[in-house]
Amino acid sequence: MSLHCQAQVPTQQDGPINFSLMIIPVYIEENKSGPMYEVHQQILGALSAKFNRVFDTTISPPLRAQQNFVAGRAQALMPDFCDANIGVPFVHSVPFARVVRYILTPANSPSINSYSALKGKKVGLVRGYAYDLEGKAGEGIELIWTTSQRQTVRMLRNGRLDAIVANLDEVAQIVQSEGGQMPNVDIGHPVLDRSLCYVFHDNQLGRHLALEVSGQIIELRRQGKLADSIGQNHIPDFLPAKPEVR
C-alpha cells in the first residue's frame, strides 16, 4: 500500500476532524506558535483543501493532549514518539522530527552524560514530559518535579538542583531571555534521541489520515520546508512504509 495512494478520507457528518497537539516549549506553544505548529498548519491546510473538510486543532499540556486522544475526543495526536505505548491501538505517520534531550549541570561544573552518574543527585524534570528516569533508570535519583523548564533552569542556577534533563534549544532561549551563563552540557552525548510522528486511531479514518499526513510530510521534506522550520531536529530521510499498528 503506497503512501501516495489515492486514499479518500471517509465521509463523516458528525463534525470536524480533531487533532490534539502537545505543548512543546519553543516548538509548539499554547498561543499557536512555534516551528512544529507552523509545519502542522501547512499539513492541515493541504488536507483541508484536498478533502474539503474542517480540521480542528486543540493545544494542551502533554498528558492532557494524550488523554484527549486516548478518550476518543481527538482523531489524531501530535507529536508523540513513533514507538510510544499509549494504551490503545494506533497507527502513525512517517517520522518528521526527533526529540533530543541532554543532562545539564550548573555552569562551570563537570558535565554528566549518563543517567547512572545522577545517582544520589537532585534532578529537575518538567511534569508531563516523557523521561526514562520515571522507570528503572531513575532508581537512586531524587527527582524534583516542576511546572516549567524555566523553573528548572532557575532552580539549577540557584543551587537547588544538581542537574536537569532538557532540550537545549528550550534552555538556550530561557537563558537568553533571563541572562546568565548557559548550563554545562556534553553536546556529543544526549540521553534521549527518539523519532516523533503523528499518531492516529487504528480504524479506517485513522489509517487514511496516516497515509495522507505521511504524504504531506514527505512533500515538505522534499521541498526543504521541514529543515527550514524545524532545523537540525528534522528527520532528513526514512524508509517509506505503510503505517504501523501499535
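Results, tabulated for the structure shown:
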| item | result |
| --- | --- |
| Aspartates and glutamates whose Cα lies under 14 Å from that of K121, excluding same-chain neighbours fewer than 8 positions away | E139, E142, D162 |
| Under 5 Å, built H, 5+ apart or other chain: amide partners of V126 | T146 |
| Nearest-20 debye value, the chain charge dipole, Cβ charges on Lys, Arg, Asp, Glu | 200 |
| Percent RCO, i.e. relative contact order, over the chain, from Cα pairs under 8 Å lying at least 6 residues apart | 30 |
| Separation of the D83 and L143 label points, Cα + 7 Å toward Cβ, nm | 2.0 |
| Inter-label distance for R127 and Q176, nm, one decimal - labels placed 7 Å from Cα along Cα-to-Cβ | 3.0 |
| Relative packing of 162-175, 139-152, 56-69, which averages over residues the other C-beta atoms within 10 Å, highest first | 162-175, 56-69, 139-152 |
| Gain upon complete extension [R64, N184; 0.36 nm per residue less C-alpha separation] | 40.0 nm |
| Difference of contour (0.36 nm per residue) and Cα-Cα distance, N108 to A46 | 17.5 nm |
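Here, each number is a calculation from the coordinates, and none is a lab measurement. For clarity, every value in this text was computed on a predicted model and none was experimentally measured. Cβ coordinates were reconstructed from backbone atoms using ideal geometry, including for glycine residues, and neighbour counts include every protein chain displayed.
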